[in-house]
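What follows is a set of notes on a single structure, which appears directly below.
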Protein chains: 2
Amino acid sequence: MKAIKDMIRTVPDFPKKGIQFRDITTLLSDPDGLRLTIDTFCERYKDRGIEAVVGIEARGFILGSAVAYKLGVGFVPVRKKGKLPGNVERFEYDLEYGTDTVEIHSDALHKGTKVLLIDDLLATGGTCLAAAQLVEKVGGVVEEIAFIVDLPDLKGRDRLLKRGYRIFALCKFEGD
Amino acid sequence: MKAIKDMIRTVPDFPKKGIQFRDITTLLSDPDGLRLTIDTFCERYKDRGIEAVVGIEARGFILGSAVAYKLGVGFVPVRKKGKLPGNVERFEYDLEYGTDTVEIHSDALHKGTKVLLIDDLLATGGTCLAAAQLVEKVGGVVEEIAFIVDLPDLKGRDRLLKRGYRIFALCKFEGD
């Protein structure tokens with residue numbers, strides 16, 4: 001069977017010129033790729049006392065729910081502003097140009113819930129750091145943050161580690 | 001254990017006054033709710049020869065990947081315009097005010113692939129009908145369209161049935 005990294009397609013110049021976009025849809029549309037991805041995460045986390053999986057919109061939803069299902073815990077979404085209907089906590093963070101905001105339901109986690117936070121790709125880490133802080137704001141404890149792809153050149157890894165978060169990625173792409 | 005319908009929270013006046021929003025996050029954040037939801041879908045589809053699950057952004061991602069994983073098939077996303085990096089087919093459809101567009105990767109499905117299309121909620125059926133037509137445009141065959149919630153008052157059910165699609169929902173809310 002192919003390795004996870006080999007099932008990820010690279011699309012040049014998306015969403016803009018000069019960006020090598022790492023496209024996980026080719027990994028996930030392959031039955032072996034989807035199975036290997038979810039099983040690798042679950043193998044790592046099955047004995048870590050994870051009590052909830054939090055996935056970041058939108059590709060984090062694809063991974064998070066299947067991992068939550070297999071671990072036998074619930075799934076909680078972190079969404080873009082205005083999408084969650086209940087009372088929310090929100091976190092605004094800086095982008096290259098402007099800002100973005102993510103939200104979580106205020107009552108989504110019991111106090112002290114051990115959370116696995118999951119997203120598809122770690123680049124600068126901005127969204128992910130915002131999501132981790134949201135989890136904590138509603139009482140959760142981030143056990144680890146998991147990704148399919150790490151792009152260490154973009155320094156998200158360093159940024160999250162410096163804040164004390166443990167991180168894990170299935171593969172990395174460097175030196176583009 | 002509570003029934004699926006009882007684990008769905010209703011948020012009045014979201015996203016606008018007069019709408020009773022059916023919030024599935026309370027169902028999916030409950031370990032029993034998530035398990036029951038995914039298991040009920042998989043029990044129904046395990047012997048139907050499903051070869052791929054297509055989920056509609058964003059809540060359809062949460063359901064689709066876990067069902068695909070458990071059925072042992074791949075997961076394919078239908079996304080809002082501009083989010084998929086590869087070559088896409090797109091479908092523009094009418095909303096109450098204006099239009100919206102959904103896309104699928106042109107190479108996402110082999111010709112004749114038997115597809116389970118999945119989303120969280122059936123209202124007017126516009127997005128879902130667009131997604132079903134996209135699946136067909138790239139060579140797939142829609143075996144059935146599955147939802148957690150059906151709102152039959154909004155006529156999406158009738159609209160999809162009239163077009164010859166089979167549909168299935170875990171619960172319905174009527175007469176609000």
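The values are calculated or read from the model by the stated rules, or taken from the named source; none is laboratory data. The shown structure was predicted, so the numbers you read here are calculated from the model rather than taken from an experiment. Cβ: placed from backbone, ideal geometry, glycine included. Neighbour counts: every protein chain shown. Keep in mind that these areas ignore ligands, DNA and RNA; they rest on the heavy atoms of the full protein, side chains included. Shrake-Rupley method; radii C 1.70, N 1.55, O 1.52, S 1.80 Å.
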Exercise. Compare the Cα positions of A:T26, A:V138, A:G49 along the charge dipole of segment A:1-155 (+1 at Cβ of Lys, Arg; -1 at Cβ of Asp, Glu; about the Cα centre) and return the one farthest towards the positive end.
Key: A:T26
Quiz prompt | Using a 7 Å Cα-to-Cβ projection, B:E43 label spacings across copies, nm, ascending | solution = 3.1
Quiz item: Which of the trypsin sites (Lys or Arg not before Pro) found in segment A:100-165 are loop residues per DSSP with 16 or fewer other Cβ atoms within 10 Å of their Cβ?
Solution: A:K111, A:K155, A:R163
Self-check item: For B:G112, label point 7 Å along C-beta direction: distances to other copies, nm
Solution: 5.8
Exercise. Find the accessible area per residue for chain B; the probe is 1.4 Å, ligands and nucleic acids are left out, and the unit is Å².
Key: 45
Quiz item: What's the lysine pair count for segment B:75-176 at a Cα cut-off below 17 Å, pairs eight or more apart or interchain?
Solution: 5
Quiz item: From the label point of B:E136, set 7 Å from Cα along Cα→Cβ, how far away are the matching label points in the other copies, in nm, ordered shortest to longest?
Solution: 5.2
Practice problem: Please state, to two decimals, what the Cα-based radius of gyration of the protein assembly as shown comes to when divided by 2.2 N^0.38 Å (N = residues). | Solution: 0.94
Quiz item: Quick one: putting +1 on the C-beta of Lys and Arg, -1 on the C-beta of Asp and Glu, what dipole do you get for chain B around its Cα centre, in Debye to the nearest 20?
Solution: 140
Quiz item: Taking Cα atoms of segment A:42-172, Rg/Rh with Kirkwood Rh, to two decimals?
Solution: 0.93
Quiz item: Considering every residue in B:17-26, what mean count of other chain Cβ atoms within 10 Å of its Cβ is obtained?
Solution: 3
Exercise. Within 10 Å, count the other beta carbons around each residue, average over each peptide in B:6-16, A:18-28, and list them highest first.
Key: A:18-28, B:6-16
Quiz item: Ignoring ligands, DNA and RNA, what percent of the accessible area of chain A is carbon or sulfur (1.4 Å)?
Solution: 47
